[in-house]
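Here's the structure we're looking at; comments come further down.
The values are calculated or read from the model by the stated rules, or taken from the named source; none is laboratory data. Keep in mind the model is a prediction, meaning the values are calculated, not measured. Note that each Cβ is placed from the backbone with ideal geometry, even for glycine, and that neighbours are counted across all protein chains shown.
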Amino acid sequence: SYQFTKRESQFNTEILFSYNDFHEADVLVISMNFTYEHLKPLEKFIMSLKRKEKKIVLLSKTNKYKSKKFPLQTPFDMYVMNNLSNRDKVTSKDLFQLKKVQYKSRINTDKINFNLYKIAEKYNIIFLNKNDFLCDEINKECDVLTDKNKKIYYDDHHYTLSGAKRSEEHTSEL
């Protein structure tokens, strides 16, 4: 088994341990839109999971991007609406610009991610920072499309199915 996701089991080990999927899983990946309020319950949750002798991977806070409209639109959506008549006509020049816009609109998650990293270090579990495979800090750009030109984000911080698959490919390599 490689994936297990149940929203109602968030930090509730009693519910989590009752699922067959949990017992069949070799690796548990913890990923969510973390806030500071999640940190203490997360530590208790990890301690309970460690007793079950599962490999645990903690992912950083989900990247979030500033959005000006409702429903929450991605910088990609706003760029296409304002500059292009057709999404399928995105040129390499457009894509270069879009990646820069995406990077500039990113909400800083460094502090919460540092706290998550320290928790992972404390409990000797793997920590993966999503920025490492979504953004290029040197060139100051963030990906907006997959290799197959599918949107990565549905809104300001939720992945599309293509975006989730792309993230899964990056994390499963590790």
Qualifying position, being polar (S, T, N, Q), assigned to a helix (DSSP H, G or I), at pLDDT below 85 and surrounded by 14 or more Cβ atoms within 10 Å (Cβ to Cβ), among Ser162, Ser167: Ser167
Tally of residues being surrounded by fewer than 13 Cβ atoms within 10 Å (Cβ to Cβ) and either touching a helix residue (DSSP H, G or I) at 6+ places or on another chain (Cβ under 7 Å) or of a type outside the set (Lys, Arg) (or both) across region 44-67: 2
Qualifying residue in region 124-141 (condition: surrounded by fewer than 12 Cβ atoms within 10 Å (Cβ to Cβ), of a type outside the set (A, V, I, L, M, F, W, C) and farther than 30 Å from Val27 by Cα): yes
